[in-house]
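The values are calculated or read from the model by the stated rules, or taken from the named source; none is laboratory data. Because the structure is a prediction, the values reported are computed rather than measured. Because the Cβ atoms are built from the backbone with ideal geometry, glycine has one as well, and the counts that use them run over all protein chains shown. Surface accessibility is based on the protein's heavy atoms, side chains included, excluding ligands, DNA and RNA. Shrake-Rupley method; radii C 1.70, N 1.55, O 1.52, S 1.80 Å.
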Amino acid sequence: MTRRLRSRAWLDNPDNPDLTALSLERYLNYGLTLDELRSGKPIIGIAQTGSDLAPCNRHHITLAQRVREGIREAGGIAIEFPVHPIHENGKRPTAALDRNLAYMGLVELLYGYPIDGVVLTIGCDKTTPACLMAASTVDIPAIALSVGPMLNGWHKGQRVGSGSIVWQARQMMAAGEIDYEGFIELAATSAPSVGYCNTMGTATTMNSLTEALGMSLPGSAAIPAPYRERPQMAYATGKRIVDMVHEDLKPSDILTRDSFLNAIAVSSAIGGSTNAVVHLMALARHAQVELDLTDWQSHGHDIPLLVNLQPAGTYLGEDFHQAGGVPAVIAQLMGQGLIAEDARTVNGRTIGENCRNAEIILPDVIRTFDAPLAHKAGFLVLTSNLFDSAIMKTSVISADFRQRYLSDPQSPNAFEGVAVVFDGPEDYHKRIDDPAEPITAQSILVMRGSGTIGHPGSAEVVNMRPPARLIKDGIKALPCLGDGRQSGTSGSASILHISPEAAAGGNIALLKTGDRLRVDLEAARVDWLVSDDEIATRRQALEAAGGYAYPPSQTPWQEVQRGLTGQLDTGAVLEPAVKYYRIIDRFGTPRDNH
């Protein structure tokens with residue numbers, strides 16, 4: 001017997017003719033017919049994240065036409081609708097505020113309207129987790145379509161990576177090598193086409209991990225946005241979602257602990273962004289999958305870096321696609337028994353079946369497991385008397401940084417330094433080049449007030465450059481530590497996502513400029529070299545002052561987010577939302593609206 005689709009409750013319900021008529025009639029006003037709407041064909045939503053305000057995903061406006069054609073070809077009816085836009089570079093005070101906002105809105109759309117399945121148009125950093133989180137919460141058949149990275153950027157014959165060049169250019173400007181106009185022009189060369197960042201930033205990371213999770217078609221993540229394969233993949237995605245609806249293949253069938261552990265392994269191998277930790281922790285919580293922050297170290301740290309992309313490597317997005325993309329990486333990990341091959345994917349096959357025969361085409365872009373760019377390239381999860389947890393991306397530790405800070409034969413992979421504390425990015429920009437500031441090669445730059453509450457939303461501000469005078473002396477990077485995040489395009493080997501943050505009462509709120517810190521990567525630990533009595537005294541003083549001071553909320557959503565969102569170590573989700581999962585199965589059809 002053919003399964004009755006949920007859209008029938010809106011569009012073909014003889015037991016409630018007045019409500020059915022109300023549901024039907026307005027969908028006719030732009031050209032759909034009663035025959036179509038009452039045909040019993042699946043109604044497929046296209047969750048559109050592209051707009052002029054979200055330029056990284058704007059190409060989805062074009063790709064959606066091919067998605068529609070695929071849906072129609074497979075016997076479905078497409079209904080396209082907007083998702084709250086998120087643009088990483090344009091949104092202040094941070095696009096992280098909007099991930100949970102877009103998630104909430106999309107949950108309401110997927111549950112409250114006559115939709116049987118959905119194509120999630122993903123791309124720019126936080127559009128990907130927002131869409132996956134919502135589809136998982138509702139547990140509706142869903143498939144993700146990446147918009148794809150930009151073409152490679154070039155400047156004077158050299159590859160120029162989006163995002164990464166900004167962090168390089170700010171050092172060049174500080175050193176007097178370029179002026180303001182030169183900075184802007186150099187950054188502009190990194191964006192030659194439609195698409196998201198062409199580096200291994202958060203966008204490429206999250207789109208790659210979506211494929212590793214099994215939520216997009218194999219081979220789809222790395223295709224550059226302007227390539228002809230991208231609209232071809234859009235067509236195939238549109239066709240496939242119709243079959244998924246008939247098969248009742250849902251996120252809960254795909255998003256298992258095995259699939260998340262697969263994604264952690266792939267994240268390490270590709271040199272993925274630290275932001276992936278926050279987003280996958282959030283997705284796991286909404287999917288009701290057990291995932292702990294320590295899983296990132298226990299299942300990911302020992303995996304080598306195989307993908308040679310900026311910021312950890314040399315190449316860019318086009319090269320990754322030409323080299324074999326995500327399937328080639330997974331095949332290398334499968335050869336070492338590091339992938340759960342039976343994990344299901346959206347095409348109805350297992351990840352092992354999808355990737356077993358994938359080959360590396362360009363061996364300098366994707367390395368074999370026995371010839372990596374770096375060994376043990378995953379994230380460290382650190383503990384401290386300064387915080388409960390923090391993470392560090394080890395694949396971007398440069399040779400210069402390692403020589404300067406991690407090469408003491410008496411204490412390998414460990415160093416001590418003196419904290420210089422900044423309260424938010426404005427304080428940092430005001431003081432970093434002040435010659436009166438006691439910043440030396442032995443300093444550790446500390447950013448606080450940048451977490452989910454303090455900023456709010458958590459800002460990408462932990463990757464701080466040294467003062468211009470040190471850069472001119474050849475010191476291109478200082479150790480950085482903070483309770484916020486940093487761009488995945490940054491090559492800074494920062495200790496970040498400190499939880500609890502200063503604004504939540506974490507000990508980082510008690511830290512003072514001049515305090516000594518010891519960082520030991522072997523022990524995965526940071527020690528704040530201050531006595532317990534001194535810490536207690538400072539705690540008393542902070543509480544007497546009313547706690548750590550941070551700027552007031554400027555919008556209603558900022559206040560809501562601050563009041564309901566958890567810390568970065570648990571995914572920075574809206575905590576009351578976690579109890580809502582598999583909504584369609586648990587709650588059925590929404591109540592009548594008339």
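Numerical summary
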read-out	value
Charge tally in the Cβ shell below 13 Å around Ile361, where Lys, Arg are +1 and Asp, Glu are -1, Ile361 excluded	-3
Average Cα contact separation per residue, segment 474-513, under 8 Å, 6 or more apart, as relative contact order %	31
All lysines inside 21 Å of Lys126 as judged from Cα atoms, apart from same-chain residues fewer than 8 positions distant	Lys91, Lys393
Distance between modelled label sites at Gln554 and Glu341, nm, 7 Å Cα→Cβ extension	5.3
Accessible surface, segment 1-116, averaged per residue in Å² (probe 1.4 Å)	49
Residue (of Trp10, Ala287, Ala419) at the positive-pole extreme of the chain, dipole from beta-carbon charges	Trp10
DSSP bridge pairs, segment 397-545: antiparallel proportion in percent, nearest 5	45
Residues of segment 397-545: accessible area per residue with a 1.4 Å probe, Å²	39
Residues with amide H under 5 Å from that of Ser389, placed H, sequence gap 5 or more	Ser499
Distance from segment 340-370 to segment 60-126 (C-alpha centre basis), Å	27
Amide H partners (placed H, <5 Å) of Ile361, local residues excluded	Gly324
Taking the chain and dividing mean pair separation by its residue count, relative contact order in percent (alpha carbons under 8 Å, at least six apart)	14
Helix 229-247 axis, angle to the chain major axis (alpha carbon atoms, nearest 10°)	60
Distance between segment 490-533 and segment 280-305 - C-alpha centres, whole angstrom	22
Extension gain (nm, one decimal) between Lys430 and Ala188, 0.36 nm per residue minus Cα-Cα	84.6 nm
Inter-centroid distance (Cα atoms) of segment 374-451 relative to segment 175-247, Å	31
Spin-label pair Ile583/Arg228, simplified geometry with 7 Å Cα→Cβ offset, distance in nm	4.1
Set of aspartates and glutamates near Lys239 by C-alpha distance (under 16 Å), chain-local residues within fewer than 8 positions excluded	Glu69, Glu73, Glu80, Asp116, Glu229, Glu247, Asp248
For Met172, solvent-accessible area (1.4 Å; no DNA, RNA or ligand), Å²	60
For segment 231-329, size of Cβ-based charge dipole, Lys and Arg +1, Asp and Glu -1, in debye	200
Between helix 127-138 and the chain: long-axis angle, C-alpha atoms, 0 to 90°, nearest 10	50
Label-point separation in nm, Leu22 to Ala536, each point 7 Å along Cα→Cβ	6.5
Förster-model FRET efficiency, 60 Å R0, Asp592 and Arg402, C-beta, rounded to 0.05	0.40
Share of carbon and sulfur in the accessible heavy-atom surface of the chain [1.4 Å probe, %]	50
Sites Ser298 and His375 - FRET efficiency at Förster radius 22 Å, r taken between beta-carbons, to 0.05	0.85
Antiparallel DSSP beta bridges within the chain, as percent of all bridges there, nearest 5	45
Extreme residue, positive dipole direction of the chain, given options Pro576, Val396, Ile184 (C-beta unit charges)	Ile184
Over segment 397-545, relative contact order from alpha-carbon pairs under 8 Å, at least 6 apart, %	23
FRET efficiency for Lys512 and Glu36, using Cβ-Cβ distance with R0 set to 60 Å, rounded to 0.05	0.35
Net charge contributed by nearby residues that have their C-beta within less than 11 Å of Thr256 (K/R +1, D/E -1)	-2
Of the trypsin sites (Lys or Arg not before Pro) in segment 121-209, those whose Cβ has at most 14 other Cβ within 10 Å and which sit in DSSP loop	Lys156
